[in-house]
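A.B. asks: My questions all concern the structure below.
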Amino acid sequence: MPVIVRTERGAGVLAAFGLPVGMIAVLMVLLAVGGFDVGASMAALGRGAAGSLSIFASSTLVRATPLILTGLAVSFAFRGGVFNIGADGQLLAGAAAACAVALALGSTVGPLTPVLVILASGAAGLMAAAIPAWLRLRFGVLEVISTIMMNFLSLYAIGYLVRGPLQEPTRVYPQSSTIDVAARLPFLIPGTRLHAGFVIALVLALAMWWYLRFTASGFRVRVIGANPHAASVAGGVNTARGTTGIFLASGALAGCAGGVELSGVTFALYENISPGYGFTAIAVALLAGLNPLGVILSAIFLGGLAAGAASMQREAGVPSVLVSVIEALIILSIIAGRALLARPGRVRGAAR
Amino acid sequence: MIDVIAPFLEATVRTATPLALAALGETITERAGVINVALEGAIIAGCFGALAATTGGVWLGLLGGVTGGLLVGVILATFVVGLRSDQIIAGTALTLGAYGATGTLYRVIFGETGVSLSVPTMGPIVIPGLAGIPVVGRALFAQPLMTYLMLGLVPLVSWWLYRTHSGLALRAIGERPSAALVAGIHVARWRTASILIGSALGGLAGATLVVAQAGTFSEQMSAGRGFIAIAVVALGRWKPHGVLAAALLFGAASALQYRFQSQGAAVPYQIFLALPYALTLLVLAAGAGRGRAPAALARAESSSD
């Protein structure tokens, strides 16, 4: 199942810079059609996303952080030919594990706590991905179907945890207690909500870029994604093992997103901890042309759009769900553009 | 005991109806080798279409629901069959887009505060005599029209898939499109048809939620039913009768959950909700031999000629 979403370099650059601009234009058209004051709405969007340096850090970059991590998870999976659409469930598993570890540790290990919390979240995401990975490896179960199942299972598991073992002591609200200050990620810039998770995301993006580009193992990942048959026949690559590893790594990255979100933003576990980060991640990954460094930029763009949409709703009455339409249009224009650019030669003649 | 079981069965069938409608459509789509991840989008579009059209009456509401689903289906078919895009990516994008579009339109047209709209609903059609049967009577014979329609569709889809030439052609496409093509089957046309039928039934499922159950619309009221329907198809092993049974199981699990939740029982009710999904994974693992997925399912490179 070769993944065909990777764009040619030229088209990739075009998509990376042309599409965001085009989407802003589309947004303005939609606003005009909807009868909104375009100028006022766009001004509110701009203020909410980047009105000041501190708003940019607190709103846009904070929202971009889980999107970078889930975007990396999806990019890595797609690069290796794995259709992991369970990033949302893996994120939830990561958040749950992070919460459990943070609550158990309290302040006993001091500044080491966030490290253990994030590691636990990565491990939990990996384990949540291990089930569909194993089902694919052993029984050939399509990961599209199994990761959808896992998304539901993770959601119900959290529903149980926040009403059971992890529920706050008064047992009134379906959420966990707030984690100890020692378990929280430090803030990067005083006076903003930007936390160290952003740096973790940047480092992981760089690491993945380096891995895919400069290591033999990273090369194998790319080969498996490009043509699994050639990889195993001509390249001597153990594709089954490779695919499983890619799946697990993707899950670990998505799990980290949950851990970072919990210990950097929410400080407590509840069911709606992810507003669909795992799905927006697909838009992030495709907009980035599956390039890990591109993921940083596209996550900041989509994070900013979400932050701006929130203030657009507050100030100009524009429904913020409109952002989902833009995300969908980004994905659809990329795959449409690909199909039209790379029209397969009509070599086989009139196939019908 | 009976006064507990009868309402439980009634709730089971009620919950299973939209699920089974969407899942029967998804069965047809997947049999042609296409996994419709946009089914969730088709359902929410169906909900909204029903809401928008129901001012003209309940029947127009149903038509509006089908139209909403078809709209999503047409776009998906354009991408999957026309442009040979990856099914999963295109489908996910359409679900995202349908959530956004219906949510935005709802707020723009019907106001931001979400004053809960109330639309006319279809009452149950009580079949005299049969509805009086103890325990199962009301569950089977005092349901809205959509339930009877769904129950009628099961043998119909079964007959089409297994007893007609075109059904055989459809299944051949799902197993090996290249061979089907050589056999003179119009692969692209049938895949398009299968996506449209599946999406239309998804839209009908959405309309059922609005017109026959909730009597109102709320954002994201499809609540993942499109994804559940994909699970239902897998649990039902891609066969109409199995799909009906699986939909009833998912319906029963959610009916049980409400019962336990309302009684404040000590058993964590999430177990009932999670059970069908865990079971689906087990069935997928066990079903390597008989009743497996269509061989060409979700393959991008063979999506058309």
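A.B. asks: Would you check which residues across region B:202-225 are in contact with an Asp or Glu (Cβ under 8 Å, 6 or more places away or on another chain) and either in a helix (DSSP H, G or I) or open to solvent by 20 Å² or more (accessible area, probe 1.4 Å) (or both) and list them? Give the steps one after another, and end with the answer.
C.D. replies: Step one: list which residues in region B:202-225 are in contact with an Asp or Glu (Cβ under 8 Å, 6 or more places away or on another chain), which gives B:202, B:222, B:224-225.
Scanning region B:202-225 gives B:GLY202, B:ARG225.
A.B. asks: Test A:LEU105 against the criterion of being open to solvent by 20 Å² or more (accessible area, probe 1.4 Å), within 13 Å of another protein chain (Cβ to nearest Cβ) and aliphatic (A, V, I, L, M), and give yes or no. Give the derivation first.
C.D. replies: Details: open to solvent by 20 Å² or more (accessible area, probe 1.4 Å): yes; within 13 Å of another protein chain (Cβ to nearest Cβ): no; aliphatic (A, V, I, L, M): yes.
No.
A.B. asks: Something else: Please pick out the residue among A:PHE247, A:PHE198, A:PHE214 that is farther than 23 Å from A:GLY125 by Cβ and of a type outside the set (A, V, I, L, M). Explain how you work it out, then say what you get.
C.D. replies: Values: A:PHE247 fails: farther than 23 Å from A:GLY125 by Cβ; A:PHE198 fails: farther than 23 Å from A:GLY125 by Cβ.
Selected residue: A:PHE214, the only one of A:PHE247, A:PHE198, A:PHE214 that is farther than 23 Å from A:GLY125 by Cβ and of a type outside the set (A, V, I, L, M).
Results for (1) assigned to a helix (DSSP H, G or I); (2) open to solvent by 20 Å² or more (accessible area, probe 1.4 Å); (3) within 14 Å of chain B (Cβ to nearest Cβ); (4) acidic (Asp, Glu), shown as yes or no for each residue.
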residue: A:ILE246; (1), (2), (3), (4): yes, no, no, no
residue: A:ALA257; (1), (2), (3), (4): yes, no, no, no
residue: A:SER263; (1), (2), (3), (4): yes, no, no, no
residue: A:ALA268; (1), (2), (3), (4): no, no, no, no
residue: A:VAL284; (1), (2), (3), (4): yes, no, yes, no
residue: A:ALA299; (1), (2), (3), (4): yes, no, no, no
residue: A:LEU305; (1), (2), (3), (4): yes, no, yes, no
residue: A:MET312; (1), (2), (3), (4): yes, no, yes, no
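A.B. asks: Have a look at A:LEU153, A:LEU166, A:LEU137 and point out the one that is open to solvent by 40 Å² or more (accessible area, probe 1.4 Å), among the hydrophobic types (A, V, I, L, M, F, W, C) and either under 30 Å from B:LEU281 (Cβ atoms) or in contact (Cβ under 8 Å) with a residue 60 or more places away in the chain (or both). If you could, list the steps in order and put the result at the bottom.
C.D. replies: Values: A:LEU153 fails: open to solvent by 40 Å² or more (accessible area, probe 1.4 Å); A:LEU166 fails: open to solvent by 40 Å² or more (accessible area, probe 1.4 Å).
Just a single option satisfies the conditions, and that option is A:LEU137.
A.B. asks: If you scan region B:119-135, which residues turn out to be on the phi > 0 side of the Ramachandran plot and open to solvent by 60 Å² or more (accessible area, probe 1.4 Å)? Before you say what the answer is, go through the steps one by one.
C.D. replies: Taking region B:119-135 as the starting set, the residues that turn out to be on the phi > 0 side of the Ramachandran plot are B:129, B:135.
B:GLY129, the sole residue that qualifies.
A.B. asks: Of the conditions (1) within 11 Å of another protein chain (Cβ to nearest Cβ); (2) outside any loop (DSSP other than H, G, I, E, B); (3) open to solvent by less than 30 Å² (accessible area, probe 1.4 Å), B:VAL154 satisfies every one except a single condition; which number is it?
C.D. replies: Every condition holds for B:VAL154 apart from (1).
A.B. asks: Turning to a different aspect of this structure: So is A:ARG213 part of a helix (DSSP H, G or I), touching a Phe, Trp or Tyr at 6+ places or on another chain (Cβ under 9 Å) and loosely packed, with under 14 Cβ neighbours inside 10 Å or not?
C.D. replies: Details: part of a helix (DSSP H, G or I): yes; touching a Phe, Trp or Tyr at 6+ places or on another chain (Cβ under 9 Å): yes; loosely packed, with under 14 Cβ neighbours inside 10 Å: yes.
When the stated conditions are applied, A:ARG213 passes them.
Here's the yes/no breakdown for (1) touching a residue at least 12 places away in the same chain (Cβ under 8 Å); (2) touching a helix residue (DSSP H, G or I) at 6+ places or on another chain (Cβ under 8 Å); (3) aliphatic (A, V, I, L, M):
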position: B:LEU94; (1), (2), (3): yes, yes, yes
position: B:VAL108; (1), (2), (3): no, no, yes
position: B:ILE125; (1), (2), (3): yes, yes, yes
position: B:ILE133; (1), (2), (3): no, yes, yes
position: B:ALA142; (1), (2), (3): yes, yes, yes
position: B:LEU170; (1), (2), (3): yes, yes, yes
position: B:GLY174; (1), (2), (3): yes, yes, no
position: B:ALA188; (1), (2), (3): yes, yes, yes
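A.B. asks: Mind listing just one residue for me: the one in region B:60-118 that is facing chain A (nearest Cβ under 10 Å) and outside any helix (DSSP H, G or I) and, of those, most open to solvent (accessible area, probe 1.4 Å)?
C.D. replies: That would be B:GLU112.
A.B. asks: Now a separate question. Within region A:64-115, how many residues are closer than 18 Å to A:LEU248 by Cβ, part of a helix (DSSP H, G or I) and at pLDDT below 95?
C.D. replies: Going through region A:64-115 one residue at a time, the tally reaches 2.
The values are calculated or read from the model by the stated rules, or taken from the named source; none is laboratory data. Source: prediction; values computed, not measured. Because the Cβ atoms are built from the backbone with ideal geometry, glycine has one as well, and the counts that use them run over all protein chains shown. For the accessible areas, the whole protein counts, side chains as well, though only heavy atoms, and no ligand, DNA or RNA atoms are used. Shrake-Rupley method; radii C 1.70, N 1.55, O 1.52, S 1.80 Å.
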